[in-house]
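The values are calculated or read from the model by the stated rules, or taken from the named source; none is laboratory data. Only a predicted model underlies this, so the values are computations on that prediction, with no experimental measurement involved. So basically every Cβ, Gly included, is an ideal-geometry build from the backbone, and we count neighbours across all protein chains shown. Only protein heavy atoms, including side chains, enter the accessible area calculation; ligands, DNA and RNA are left aside. Shrake-Rupley method; radii C 1.70, N 1.55, O 1.52, S 1.80 Å.
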Amino acid sequence: MEYDYKEAMKLENQLCFPLYAAARAVTGLYTPYLKELGLTYTQYIVLLVLWEKDGITVGEICRKLMLDSGTLSPLLKKMRDLGYLEKKHSKNDERAVLIDLTEKGKALQEKAKEIPLKVGQCVRIAPEKAHQLYSLLYELLGSDSNNDR
């Protein structure tokens, strides 16, 4: 069978488009709840990582969020300026920068604790399908869905 580039070039045949549109839609569900806290979605996911394990390196945060340091560094600076975190050099390795939550950053967890539930109630997909989608997305990313959690 010959490759049909015109068929392949249709938007409806692009894997990237429904992934992009779904990511925007799901991320958008967070917006009203995060706006109440004065947070962006990216700031929120940084906080999720730090609420899980505080005092980790910038590199560890980059790996967990699949972001490069050029994207993360200005975000961390902004969050430091807002009083949510502190940056310090590791005593073991001066090159490593550790990120610690401040009391203000820790207190945000209490204010944000209902966000996963509220967003989950907005997503119209059965829990078993959501789990299957989660697994497929991590498979697509080339990662075991049980790693780095």
Pairs where the first residue, in the stretch 38-59, is in a helix (DSSP H, G or I) and loosely packed, with under 15 Cβ neighbours inside 10 Å and the second is at pLDDT 95 or above and not polar (S, T, N, Q), C-beta under 6 Å, 6+ apart: Y41/Y30
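Just checking, how many residues over the stretch 93-134 are polar (S, T, N, Q), open to solvent by less than 40 Å² (accessible area, probe 1.4 Å) and part of a helix (DSSP H, G or I)? It would help to see each step written out before you state the result.
In the first step, residues of the stretch 93-134 are kept if they are polar (S, T, N, Q); the result is 102, 109, 121, 132.
In the following step, the residues that additionally are open to solvent by less than 40 Å² (accessible area, probe 1.4 Å) were identified as 102.
Those left that are additionally part of a helix (DSSP H, G or I): none.
Going through the stretch 93-134 one residue at a time, the tally reaches 0.
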Test: residue in the stretch 102-121 that is within 23 Å of R24 (Cα to Cα) and among the basic types (K, R): yes
Residues located in the stretch 60-71, provided they are touching a residue at least 24 places away in the same chain (Cβ under 8 Å) and open to solvent by less than 40 Å² (accessible area, probe 1.4 Å): I61
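To keep it simple, each residue is scored yes or no on (1) polar (S, T, N, Q); (2) open to solvent by less than 50 Å² (accessible area, probe 1.4 Å); (3) under 19 Å from Y134 (Cβ atoms); (4) assigned to a helix (DSSP H, G or I).
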| site | (1), (2), (3), (4) |
| --- | --- |
| A21 | no, yes, yes, yes |
| A25 | no, no, yes, yes |
| G28 | no, yes, yes, yes |
| K35 | no, no, no, yes |
